[in-house]
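First comes the structure, then the notes that go with it.
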């Protein structure tokens, strides 16, 4: 999506919609998910059935999570989000939803972090290729102020007083 937006090639983007938090000035967050989805489906109506509509409604599947995850894996999707059908909406992490990724992760080494105007921006990471540590790029973390307050002392304590050179390659590791 970031590439499409930066290149101005947004004609082929598709928006998958699965929840409705507000409608016509009403706050729907205290309604159960299945009721919010019912309202969303009604609002979208025939628009999502149009042949080239960029908006797609995401059904709530009642099948087991393992079956849905395997289906997502076969379709080449990144993963799935499972939500309890009777849950109300709460911002942030909660026990009413879970995220499962299809793609395996890769272990990375945190080599440093970037700041802008003294504020934390991102982590700088690398991966091992053989015995060499190779710079892989920067990673946004999504850390909030509370998490940063907890981890920055540990990052600073583990930091070196001077920079070290590492083996670098022009291409990202696979």
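Please count how many residues of the range 1-37 are part of a helix (DSSP H, G or I) and assigned by TED's automatic domain parsing to the domain that holds residue 78.
Adding up the residues that qualify gives 5.
Answer yes or no: is there a residue in the range 114-125 that is touching a residue at least 40 places away in the same chain (Cβ under 8 Å), surrounded by 16 or more Cβ atoms within 10 Å (Cβ to Cβ) and in contact with a strand residue (DSSP E or B) (Cβ under 8 Å, 6 or more places away or on another chain).
So far as the range 114-125 goes, no, none of its residues is touching a residue at least 40 places away in the same chain (Cβ under 8 Å), surrounded by 16 or more Cβ atoms within 10 Å (Cβ to Cβ) and in contact with a strand residue (DSSP E or B) (Cβ under 8 Å, 6 or more places away or on another chain).
Take residue 79 and tell me if it is without any contact (Cβ under 8 Å) to a residue 24 or more places away in the chain and closer than 24 Å to residue 12 by Cβ.
Considered against the rule, which asks whether it is without any contact (Cβ under 8 Å) to a residue 24 or more places away in the chain and closer than 24 Å to residue 12 by Cβ, residue 79 comes out as no.
Every residue in the range 77-121 that is under 26 Å from residue 137 (Cβ atoms) and assigned to a loop (DSSP other than H, G, I, E, B), please.
The answer is 77, 78, 93, 102, 103, 104, 105, 106, 107, 108, 117, 118.
Among the residues that make up the range 80-95, is at least one of them in contact with a strand residue (DSSP E or B) (Cβ under 6 Å, 6 or more places away or on another chain), surrounded by 14 or more Cβ atoms within 10 Å (Cβ to Cβ) and farther than 27 Å from residue 147 by Cβ?
no
I'm checking my understanding of the structure. Among residues of the range 1-23 that are touching a strand residue (DSSP E or B) at 6+ places or on another chain (Cβ under 9 Å) and surrounded by 12 or more Cβ atoms within 10 Å (Cβ to Cβ), which one is farthest from residue 59 (Cα to Cα)?
Filtering the range 1-23 for residues that are touching a strand residue (DSSP E or B) at 6+ places or on another chain (Cβ under 9 Å) and surrounded by 12 or more Cβ atoms within 10 Å (Cβ to Cβ), the one farthest from residue 59 (Cα to Cα) comes out as 21.
Being assigned by TED's automatic domain parsing to the domain that holds residue 34 and within 18 Å of the chain's Cα centre (by Cα) is true for just one of 144, 92. Which residue is that?
Going through 144, 92 in turn, the sole match is 92.
Quick one: what pairs do we get from the range 50-64, first residue surrounded by 12 or more Cβ atoms within 10 Å (Cβ to Cβ), second outside any strand (DSSP E or B) and modelled with pLDDT under 80, C-beta under 8 Å, 6+ apart or different chains?
These pairs meet every condition: 53/47; 55/47; 55/48; 56/48; 57/48.
The values are calculated or read from the model by the stated rules, or taken from the named source; none is laboratory data. Computed from a prediction, not measured in an experiment: that's the story for all the values here. Cβ coordinates were reconstructed from backbone atoms using ideal geometry, including for glycine residues, and neighbour counts include every protein chain displayed.
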